[in-house]
Amino acid sequence: MHPTLTTILISFIVLTPLLGGGALYLLRKSSIGLKERLITVSTLIPLIITAFLYGPLRRGEELQKTFDLLPPLGLSYRVDILGFYMLLLFVFFGFVVSIYAQQYMKGDKKADRFFACMLLALGGCYGVALAGDFFTFYLFFEFMSLMFFVLVIHHQTEASLKAGLKFLFMTITAGVALFLSAVIILRETGSLALGQGGLVTEASPLALLAFCGFMVAFGTKAALVPLHFWMPDAYARAPLPAAVISSAIMLKTGAYGMLRVFGDVYGFSFLAGAGWAQPLIYLASLSILLGSAIALVQDDLIRRLAYSGIAQVGYIILGISLLQEAAVAGAVYHIMAHAFMKGTLFLCAGAVIRGMGTRKISEMKGAGHQMPGVMLCFSAAALTAVGMPPFNVFISKWYLSLGALEEGMPVLVGVLLVSSFLNAAYYLPIAIQAFFGVPAGHGDGQEEEEAFRQTAAARGEGQGDFKAGSWKTALPILILTIGCGAFGLLAVNWPLEIVKAGVKAFF
Amino acid sequence: MDFLKDTGFSLIPPVIILLPLAFSFLVPFLKKRKESTRDLTAVFFAGITFFLSALLYLKAGEEAAFFALPGFLGWGLNFSVGPLGAFFTLLSSFIWFLAVLFSLTYMGHEHARPRYYAFLSLTQAGCLGVFLAGDLFSLFIFFEVMSLASYALVVHTETEEAMEAGRLYLFLGVAGGLSLLTGILLLNSFTGSVSLAPLFQDMTAPAYMRYLTAGFLLLGFGIKAGMAPVHIWLPKAHPVAPSPASALLSGIMIKTGAYGILRVAAQAFAPETGGFLGSTSSNLGFVILWTGIATMFMAAFIALFQTNIKRILAYSSVSQMGYILMGVGCAAYLGPEGPMGFTGTVFHIFNHAFFKAGMFMMAGAVYARTHELDLDHLGGLWRKFPVTSLCFAVAACGIAGVPGFNGYASKTLLHHAVEEAAHQGSQIFLYAEKIFVITSALTVCYILKLTLGVFFGPEREDRGQVGPEPLLEKLVFGLFAAAVILAGVFPKFLLTSVIIPLTEGFGFDPYRVNYLEKLDFWARPDLLAIGTALSLGVIFYLFFSKTGLFYRHPPRWLSIESLLYTPLVRGTVLVYTLLGSSLERGVDKAYVKPGPWFTSLFSRTAAWESKAAGFFTEVALKQASRMYTGIGSGLDHLFEVIYVQSGIPFKALARRLAYFDAVTLTRAGQAAARLSVGIQDKIYSRWCRLASCYDAKLHRLMRRTFVAFIKADYDTKGDPFYQMINPMNYNFDLVVVWLVLLVILLLGVR
């Protein structure tokens, strides 16, 4: 492909969802079918363009460009292997979730506003992955967060407004911290560009301050303990697709930012010498253990998933802050593994919540007899979370553990494995009680099942506009579930190869 | 790695795994068809798997079968099947085949049969994978598949009891798996390899890390093997599963744990040459040996007091695993000198697979017809189950170690092994040998209780017609009994042609192996030893049944579970959940609480602010403006007064003059009056001018003062009016400040 054409095409990765969001707002009076097609197309085009980028990247072509949009710094983008990995993940999940959301949000009066803001937020996320310097990164990061705020308060109940306010304050703090750090780095080094490999070369108090600022900014977004507390409320109050987007994509922008700060602003070898990342290891371990501890006592399925997300992101940050190649590879792989795993769990949770009419785990007994497919996928994802062998998370845990041992920290292996056990303790019972313990009727008695369905209906838990059997629900769940396990079984685990190649650039 | 060198590539190992795997995914698609179709397919798949295992066994006798998937899970899946792995694979797939055959009749009274077959098959894939795996990483993967898949078998009945047992099974299984993974990771980091070969010489770790690694591995495998303090799941989980599944759990699956321990203790940690006593593997062997002894004795003792058939069998399994572990311990303890322990263990695994799996299935056959598992309600069933009771009696003879049945051969080998350990190693194992004999007596005792209680003696309850035994069951049970008898009659043949070749790759001393080949199973001391055990057992039985001690149940609290695990687990869970819930609330509070505090701080600050502003308006601004207006009006007044006061006398004088003029001199007077009025007017107007001049000056002063407030410099430009409206003259900062103050003032006034 001609370089200029590629340049223009890449801009459309960000522009399409932004334009789509705008168009959706203008077309809010038109038919639902048209709007749905518009949503699908505006998330599908970035996916297609991104897929085409793989060829030039593999040939080693330089994919970067600066637009003089906001002088003196300018908007710039740059796609390297790692950026491509994140971008592919983002556009893929953006597409899958937007398909799911179309079915999930049916019947919602303000669905247009939701989808418009969702597309804008997605555009921001794509921009973050494409950013070529921290200024661009900052712009898209803030934009994405503000759009997500609208998604959080979508239901406009008092609780959701409260959760939204909490999120807003946190995200503003994060933005301010990021801005401050970027300014310091710009002043100290004269550049904010990514991919130069270690802008900061000597330790100074200002550089440390900037480091802390970055960590606050990205730690907040990635929900690192003790900056995590916005997350469970926001997830529980936001419409479910928003929670999926946040969990699968937005949390990852935090982790990605941290990775960029470590790799491109400071450089891993510099940080290893300076020892600034050491506290992060402890904080990440704390995240892992405390997130699981809190998840254990939740009866609200979404809150349990949210707290488990805190623990899972802890793995990623732990791996990055170990500053060791295998561990970083494990962490970056875990970004993908967690996205698939948590995405599946959330989508299944949405289907089950709509199907059973309750969010309480204790009331979901026998869900497997009602929605066997959904609960099978949920169980597979639960096993993924525990880190059972054929699934993705096992691979990331394996590499994280290898890295931890390489760094001479066997205790961290213990942390990982204890967390795996805790994951088993809070995920497996959900899967178990879905299939076992509530007999589907001995022999082939359909009566009990029918009675069960009727009691569910009697409790006023109709299926509403949401049909679990619709392809728009089933297909995303199925695709994500396959993604949980398929890569490990392939002869060549190509996400892992991409990750290894991307991480290698840092070391 | 030289045992990998002469490997031959073979597709059989992956196919053996894939067949049951494929069947388990096939089952949902067979749901719509007839049950018999699925049953036949299950038998077919199990049969083919068995056939391939036999092929593999023949092939592995010549050279190890090898297959690898390098990219699998980012690490690589390796199959490497030596004689030992192939032997266990063959054994497992054979027992599995029999269990599937038995399932056909047994599962008739159970629900959710498709699920049962799917998970049975999946479990088989995992279990066979453990034996086929070429390194610990692959072994671990299959181990986990087996653990998880067998959960569905344990909780199959979905009763409250089964769910409870299943929970314990699952969580101990997960914990075991994680412990195993830790061990493998540590092993990999110290040796750079996870293959099933002697790794000791590559080990760079300090001694405590070696033991830690070994400890994790032992714990992981030990949980599955029902090793003594972590056996608690076994007596709960095995009885609640459907009988064919119990048979497989006890007959095959727990052996994967023993197999793993054998690989780790006697191979991975074994020194390649010499100096075995005091080495890591030897110390491990010491621990394993005593653990085995403790396990066998404790479980046999507890089995005496059970009345549920399957619980007795489950405790018996724990006890027999004790024998097996003891053999592993002997092999590891004596290192190159320990082929006796090794062969004893392998032989006993083989024997136990037959008699225990058989007994579980026979118990299942009884349960399927009588729906009763309690010894107190059973008895005299031999009339109704003639073939079953005969086969059960044979299997019982096997487990009790009666000469001529298979248990005798392996127990003799194990007995020799523990004696060797005592002679060549520590004298302390003489006590182990004594416990071994007593445990064998206890085994005889509980097995007598079980066999006599179920099949012989008086019939406790009238059950009417419970139906004839199906032909298929008779066939399966007959096969089990035949295996028990054959292995018991020809132990020598089995030992030399099958079991001794398995020692390859374990680095045993060839002299010792030779000695084994010349072993006489029918030597008098051995017969004497088993005779002692048998007669002791019978005496125990008589004593126990006469005194009624069989029915004395130990108090519930007197178990390792209620003494140690339950409080431990409850405490940990309580602490952790408390921690979790309090953290959830606490962290939120920690962040939200400062909110109101800040708000109140802000509002207090705002109050101060407004107070300060009020003070400013009140004092500074008002006073200043009052001062200025005061000065202005004071001056005004002063001039007014001066002007008025000064005008009055002149006016009076003028009037007086006019009066005087009017009275005295009219013309002169009038002229004078005109003059005086003119003068007076002139003076008056001058005064007026003067006064207005002062007035204007005052205004200019005031304006200047005002301008000073909003202007930076005093150098005004343009004419006075223009000065006022010319924006050039204003300092906007000051304007804003004053405007803000004005607003505050206005707000304050309101």
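So here's what we get for this one:
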{"quantity": "The protein assembly as shown - accessible surface per residue (Å², probe 1.4 Å)", "calculated": "40"}
{"quantity": "Under 5 Å, built H, 5+ apart or other chain: amide partners of B:Gly338", "calculated": "B:Asp509"}
{"quantity": "If the convex hull is drawn through the Cα atoms of chain A, its volume per residue in Å³", "calculated": "141"}
{"quantity": "For the pair A and B, total buried accessible area rounded to nearest 100 Å², probe 1.4 Å", "calculated": "3900"}
{"quantity": "Dimensionless Rg over Rh [region B:142-220; C-alpha; Kirkwood]", "calculated": "1.16"}
{"quantity": "Selection from A:Ser470, A:Phe507, A:Pro279, by position along the positive dipole direction of chain A (Cβ)", "calculated": "A:Ser470"}
{"quantity": "Relative contact order %, region A:1-124, counting alpha carbon pairs below 8 Å whose residues are six or more apart", "calculated": "39"}
{"quantity": "Nonlocal amide H pairs with A:Leu75, under 5 Å, H built at 1.01 Å", "calculated": "A:Phe67, A:Leu69, A:Leu70"}
{"quantity": "Estimated 222 nm signal from helices in chain A, with DSSP H stretches of n ≥ 4 weighted -39500 (n - 2.57), rounded to 500", "calculated": "-24500 deg cm²/dmol"}
{"quantity": "Minimum 50 Å² accessible area buried by the other protein chains, region A:380-405 residues, probe 1.4 Å, relative to alone", "calculated": "A:Met388, A:Pro389, A:Phe394, A:Trp398, A:Leu405"}
{"quantity": "Taking region B:283-348 and dividing mean pair separation by its residue count, relative contact order in percent (alpha carbons under 8 Å, at least six apart)", "calculated": "40"}
{"quantity": "Interface residues, region A:249-297 - accessible area loss of 20 Å² or more versus chain alone, probe 1.4 Å", "calculated": "A:Leu290, A:Ala293, A:Ile294, A:Leu296, A:Val297"}
{"quantity": "With DNA, RNA and ligands ignored, accessible area of A:Trp398 (1.4 Å probe; Å², nearest 10)", "calculated": "10"}
{"quantity": "Per-residue ³J(HN,Hα) for region A:100-113, Karplus 6.51 cos²θ - 1.76 cosθ + 1.60, θ = phi - 60°, Hz, x for Gly and Pro", "calculated": "4, 5, 4, 6, 5, 8, 4, x, 7, 5, 9, 4, 4, 4"}
{"quantity": "Under Karplus coefficients 6.51, -1.76 and 1.60, residue-wise ³J(HN,Hα) of region B:50-62 in Hz, glycine/proline x", "calculated": "4, 4, 5, 4, 4, 4, 4, 4, 5, 5, 5, x, 8"}
{"quantity": "Surface share of carbon and sulfur [accessible, 1.4 angstrom probe, percent] for chain B", "calculated": "69"}
{"quantity": "Contact order relative to length of chain A, as percent, for alpha carbon pairs under 8 angstrom and 6 or more apart", "calculated": "14"}
{"quantity": "Dmax and Rg, reported as Rg then Dmax, of region B:563-673 (C-alpha, Å)", "calculated": "44.5, 145"}
{"quantity": "Shielding by partners, peptide B:579-587 (average Cβ within 10 angstrom, other chains)", "calculated": "6"}
{"quantity": "Inter-part distance where region B:412-476 and region B:104-129 are each reduced to a Cα centre, Å", "calculated": "28"}
{"quantity": "Between 0 and 90°, nearest 10: helix A:372-386 axis offset from chain A longest Cα axis", "calculated": "40"}
{"quantity": "Cα pair distances in the protein assembly as shown, grouped into 20 Å bins until the bin that holds the longest one, percent each", "calculated": "10, 32, 27, 15, 6, 5, 3, 2, 1, 0"}
{"quantity": "Surface accessible to a 1.4 Å probe, A:Cys377 within the full protein complex, Å²", "calculated": "20"}
{"quantity": "Relative intensity, log₁₀ I(q)/I(0), of chain B from a Debye sum that treats every alpha carbon as a point, q = 0.07 Å⁻¹", "calculated": "-0.57"}
{"quantity": "DSSP bridge orientation in the protein assembly as shown - percent antiparallel, rounded to nearest 5", "calculated": "90"}
{"quantity": "Above-threshold pairs, the threshold being 19 Å between Cα atoms, out of B:Lys356/B:Lys449; A:Lys110/A:Lys252; B:Lys449/B:Lys474", "calculated": "A:Lys110/A:Lys252; B:Lys449/B:Lys474"}
{"quantity": "Per-residue mean of C-beta atoms belonging to partner chains within 10 Å, peptide B:185-194", "calculated": "3"}
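The values are calculated or read from the model by the stated rules, or taken from the named source; none is laboratory data. On a predicted model such as this, the values are computed, not experimentally measured, just so you know. Please note: Cβ atoms are built from the backbone with ideal geometry, for glycine as well, and neighbour counts cover all protein chains shown. Areas reflect the complete protein model, heavy atoms only, side chains present, ligands, DNA and RNA absent. Shrake-Rupley method; radii C 1.70, N 1.55, O 1.52, S 1.80 Å.
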